[in-house]
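The values are calculated or read from the model by the stated rules, or taken from the named source; none is laboratory data. The shown structure was predicted, so the numbers you read here are calculated from the model rather than taken from an experiment. All Cβ positions, even for glycine, are placed from backbone atoms using ideal geometry, and neighbour counts span all protein chains on display. For accessibility, only protein heavy atoms count, side chains too; no ligands or nucleic acids. Shrake-Rupley method; radii C 1.70, N 1.55, O 1.52, S 1.80 Å.
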Amino acid sequence: MTAGVREEPREAVRPRTPRRLPLPTVLALLVGFAAVGYRLALLFADVPPTNSDEATMGLAALHIARGDGFPVWFYGQAYMGTLEAYLAAPLVALAGPSVLVLRLPTLALYALFLLLSWRLTRRLGGDRWYALLVVAVLALGADRVVKNQLIAGGGYPELNPAGAALALLTVGLCVAGPGARLPRWAAWGLIAGVLLWVDPLILPYVLTLGALLVAWRWRELAGRAGVVLAGALLLGAAPMIVDSIRHGRNPVAAVLAAGGTGAPADWADRLHGGLVLGPPLAMGFCSPGRCATWQLWWAVAFPVLLTLAALTAWHTLRRASGGPRSAERVSAGVRLALLGGAAGVLAAYAVSNAAGRTPIESSRYLSCLAVAVPALLWPLWQAARPLAARRLTWRRRFAEVAASDRPAERQLAEVAASEGGGYRYLPEVESIKAIGERVAEARARVAGVGALAVLAGVLGTGAAATVEVIRAAPAVHAEADRHRSLVDTLGALGVRHVRGGYWTCNRLAYATGENVLCAVVEDDLRPGFDRLPAYRREVAADPDAAWVAPAGSPLAARLDARLGPEAGALDVVAVAGWRIYLPRR
């Protein structure tokens, strides 16, 4: 039975060597995990501080989880879709209302943004080291940046991953042949439609990337691909479209009103807020709530770099060899589209009244500038890479010389010759390159040093601002503890209905799972803006409704004047940082 069967020696079966990830990819993974871990630690420390706007999204998630309602818009307005509420609703149903469960989906969106940005950088022609640099820049977490990424206040956390996904799909559709799969077109249209419903701030990117698709794939768009894309876009924007038809609302007008059209700001203030404060805040270069003078250098560097990156992409687009679907032309075209989208976002913000009236807080409108980082930093990397590569080459060659038994003088001569000088003996032979070539090399070296300096400034300034967030974390955590004490005290007192300021009311309602309902009042005790009018009606029906105000606030001072022993006056219960006023009976 075994005759003629030769037994293979054990040495013939070689174990397969496991494939190792390249070093820059491993480093990018480590940086990505560190960035997500840093933000998760911030969430457990109650950073960034929550507010009533985020609580309003939490109330929408609570209502969705209970089946009490399925809101299309952020309560109290006809714009800004409630995607974040739908993402958080399952977690709220499982774990109950809390800021942490509301922000876990936004943390997942940030992790997805890092992954998509790394992939987009690679698809646009960047090597693994450049992709690592992009991930490192996006890993930094200054005050305004982590607020945009983590606070579930409507619109901002989902814009960046969706914008990066659109850019990636655009690369794939432009590179693919005429038989591009229809699901890619459907995905592009669906994401664009959802973005238009959630927040139109991303519209400049949708327009520039869409224009690129029309320019290069118009034949497919004239056929089935166009039908599929349009249908998916309408599906993604369906909540906005259906609600607008049902109620006769105009979301475009609502968005313009949110930009501050009703309160004109001076043009000097707009340009200062939009072009001077805006880019450093959006990039994460500023300390919590302010921008020091030294942190504003990016306001000068950003437009210069934006212009330089656009010119570089345009030059590559015109000079690249191959057809319109060559990888080099496609990467240049998508980079140009991303830069155009970033310029559109900045321009729209700079002309808005919000940039002039509330530049520090309104800089959140520039959060989607981060989508263009792989294209924005490209010229810096192109200038710095040859300088870094040359230093690494010389170090490696000299290390080989030191470890070799061959004559050192001969090896050094060969190193010099391999670097393009053409010499055989370094100590004796002078350079014979043309003067023009030496000038060009000197310029390239200066450009490389300058690019490295700018990149170091980006990482250093962002890291300094990140440290400031960590330093401020204990104070933010202490404030959150005081608010939890307020909630516990209201529960112990049996208070179910209160009146308070705008930034108090919905935060209380969400924290208590609507066990406490709150009607908004101004500092002079007049009725304020209630995002859920039903709360006011229930509070008005309770003669024992209490008042809540932060200690030391104008509202607290006004209520302190109503303290007294007589009937109809108020009694006060002091909690750390808060004052609860109970009607005397």
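For the reader, a short list of remarks on this structure follows.
- Boolean, A139 is under 13 Å from the mean Cα position of the chain (by Cα) and in contact (Cβ under 8 Å) with a residue 12 or more places away in the chain: yes
- Among residues of segment 522-554, those that are among the aliphatic types (A, V, I, L, M), under 21 Å from E54 (Cβ atoms) and touching a strand residue (DSSP E or B) at 6+ places or on another chain (Cβ under 7 Å), counted: 2
- In this structure, A480 does not qualify as modelled with pLDDT of 95 or more and buried (at least 18 other Cβ atoms within 10 Å of the Cβ).
- The condition of being assigned to a helix (DSSP H, G or I), out of contact with any helix residue (DSSP H, G or I) (no Cβ under 6 Å at 6 or more places or on another chain) and either touching a residue at least 24 places away in the same chain (Cβ under 8 Å) or among the β-branched types (V, I, T) (or both) holds for only one of L59, L94, L102, L40, that being L40.
- Single condition A152 does not satisfy, out of (1) within 30 Å of T316 (Cβ to Cβ); (2) among the aliphatic types (A, V, I, L, M); (3) in a loop (DSSP other than H, G, I, E, B): (1)
- Test: residue in segment 168-175 that is open to solvent by less than 30 Å² (accessible area, probe 1.4 Å) and either closer than 19 Å to A343 by Cβ or among the hydroxyl-bearing types (S, T, Y) (or both): yes
- Annotation for segment 62-69: no member residue is within 30 Å of A463 (Cα to Cα) and open to solvent by less than 20 Å² (accessible area, probe 1.4 Å).
- Any hit, segment 334-353, residues being surrounded by 23 or more Cβ atoms within 10 Å (Cβ to Cβ), of a type in the set (F, W, Y) and either at pLDDT below 95 or in a helix (DSSP H, G or I) (or both): yes
- Candidate set from segment 269-304 (those that are free of Cβ contacts under 8 Å to residues at least 12 places away in the same chain and assigned to a helix (DSSP H, G or I)); member that is most open to solvent (accessible area, probe 1.4 Å): W294
- Any hit, segment 125-137, residues being open to solvent by 30 Å² or more (accessible area, probe 1.4 Å), of a type in the set (S, T, Y) and either modelled with pLDDT of 95 or more or closer than 30 Å to E468 by Cβ (or both): no
- Among the residues of segment 530-569, those identified as under 24 Å from D488 (Cα atoms) and either touching a Pro at 6+ places or on another chain (Cβ under 6 Å) or acidic (D, E) (or both) are D530, E538, D542, D544, D560.
- Selected residue (criterion: surrounded by the fewest Cβ atoms within 10 Å (Cβ to Cβ)) from residues of segment 555-564 that are assigned to a loop (DSSP other than H, G, I, E, B) and touching a strand residue (DSSP E or B) at 6+ places or on another chain (Cβ under 9 Å): G564
- Residue, nearest to G457 (Cα to Cα), within segment 305-333, restricted to residues that are among the polar types (S, T, N, Q) and open to solvent by 20 Å² or more (accessible area, probe 1.4 Å): T307
- Any chance D488 is outside any helix (DSSP H, G or I) and either among the polar types (S, T, N, Q) or surrounded by fewer than 22 Cβ atoms within 10 Å (Cβ to Cβ) (or both): no
- Subset of segment 499-537 that is in a strand (DSSP E or B) and out of contact with any Leu (no Cβ under 6 Å at 6 or more places or on another chain) - its residue that is surrounded by the fewest Cβ atoms within 10 Å (Cβ to Cβ): P527
- Residue ID - modelled with the highest pLDDT, chosen from residues in segment 182-241 that are outside any helix (DSSP H, G or I) and under 18 Å from A165 (Cβ atoms): A237
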